Amino acid sequence: MEYTGSQYIGEYVDGRMEGEAEYLLPTETKYVGEMKDGMFHGQGTLYFSNGSRYDAIWEKGLAVKGTYTFSDGLQYDAEHWHYCDGYDRRFYTEICYGLKPAGISQVTNMDPPRKIPEGCYDCGDGFYDPVTRIIKDYRNRFLRNAGPPFIPAGNQKSQGVLRESLKNTLLKACS
């Protein structure tokens with residue numbers, strides 16, 4: 001467990017995780033359910049950090065039947081999925097609570113929507129700040145660096161400037 005950053009709360013049988021248990025992953029995802037021979041096996045639920053969950057029947061670590069429920073309560077149905085399709089473009093919260101009055105837009109399923117920090121962009125798992133080139137999660141914790149800026153192919157002058165900038169950055173970092 002110390003190598004993966006995971007945590008196991010439950011019983012062991014012959015040195016293997018077995019029985020009713022909780023398994024915490026480093027991604028803040030939590031499994032609560034039955035384990036057998038060190039694997040998810042039987043009835044169990046994965047709880048994700050965004051508030052969604054996956055209730056399933058597991059066999060030797062693989063989900064054989066399950067239901068995914070989004071954080072707002074919407075359940076995914078692979079056979080009869082009609083949410084936000086070509087016929088009905090409403091958000092789930094609009095289906096549950098009705099449409100907003102004319103002139104008041106709802107641009108995301110989250111109502112009220114997240115407040116995006118000034119000059120930043122919502123990129124699905126956090127906010128991207130183009131000045132620092134860092135993506136932080138919605139709790140303002142570091143997620144990742146965004147990498148070098150995108151330069152369209154064929155723009156040789158910009159690519160040369162970028163190459164020179166990267167070279168100078170590496171020289172400063174190595175000196």
- prompt: Would a scan of region 56-63 turn up a residue that is open to solvent by less than 50 Å² (accessible area, probe 1.4 Å), farther than 21 Å from residue 18 by Cβ and under 20 Å from the mean Cα position of the chain (by Cα)?
  reply: no
query: Residues of region 71-91 being in contact with a strand residue (DSSP E or B) (Cβ under 7 Å, 6 or more places away or on another chain) and either exposed (fewer than 10 other Cβ atoms within 10 Å of the Cβ) or assigned to a loop (DSSP other than H, G, I, E, B) (or both), which ones?
result: 76
statement: For region 94-117 the number of residues that are assigned to a loop (DSSP other than H, G, I, E, B) and either exposed (fewer than 11 other Cβ atoms within 10 Å of the Cβ) or aliphatic (A, V, I, L, M) (or both) is 13
query: For region 58-86, what are the residues that are farther than 22 Å from residue 138 by Cβ and touching a Gly at 6+ places or on another chain (Cβ under 7 Å)?
result: 58
task: Considering each residue of region 130-147, count those that are loosely packed, with under 11 Cβ neighbours inside 10 Å and of a type in the set (Phe, Trp, Tyr), and give that number.
output: 1
- line: In region 25-38, residues that are within 13 Å of residue 58 (Cβ to Cβ) and within 23 Å of the chain's Cα centre (by Cα) total 3
message: Which condition from (1) surrounded by 15 or more Cβ atoms within 10 Å (Cβ to Cβ); (2) on the phi > 0 side of the Ramachandran plot is the one that residue 51 breaks?
response: (1)
field: First in region 6-24 and under 17 Å from residue 61 (Cα atoms) and open to solvent by 50 Å² or more (accessible area, probe 1.4 Å), second anywhere and in a strand (DSSP E or B) and basic (Lys, Arg), Cβ under 6 Å, 6 or more apart
entry: 18/36
message: Suppose we filter region 25-39 for residues that are more than 13 Å from residue 5 (Cα to Cα), part of a strand (DSSP E or B) and open to solvent by 60 Å² or more (accessible area, probe 1.4 Å); how many remain?
response: 3
task: Please identify the pairs in which a residue from region 41-55 that is hydrophobic (A, V, I, L, M, F, W, C) has its Cβ atom under 8 Å from the Cβ atom of a residue that is part of a strand (DSSP E or B) and open to solvent by less than 50 Å² (accessible area, probe 1.4 Å), counting only partners at least 6 apart or on another chain.
output: 46/31; 46/56
message: Just to verify a result, which residue in region 118-129, among those that are in a loop (DSSP other than H, G, I, E, B) and at pLDDT below 90, is surrounded by the fewest Cβ atoms within 10 Å (Cβ to Cβ)?
response: 124
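The values are calculated or read from the model by the stated rules, or taken from the named source; none is laboratory data. All figures in this text were calculated on a predicted structure; none of them were measured in a lab. A quick note on method: Cβ atoms are made from the backbone with ideal geometry, for glycine too, and the neighbour counts reach across all protein chains shown. Ligands, DNA and RNA are excluded from the accessible area calculation, which covers all protein heavy atoms including side chains. Shrake-Rupley method; radii C 1.70, N 1.55, O 1.52, S 1.80 Å.
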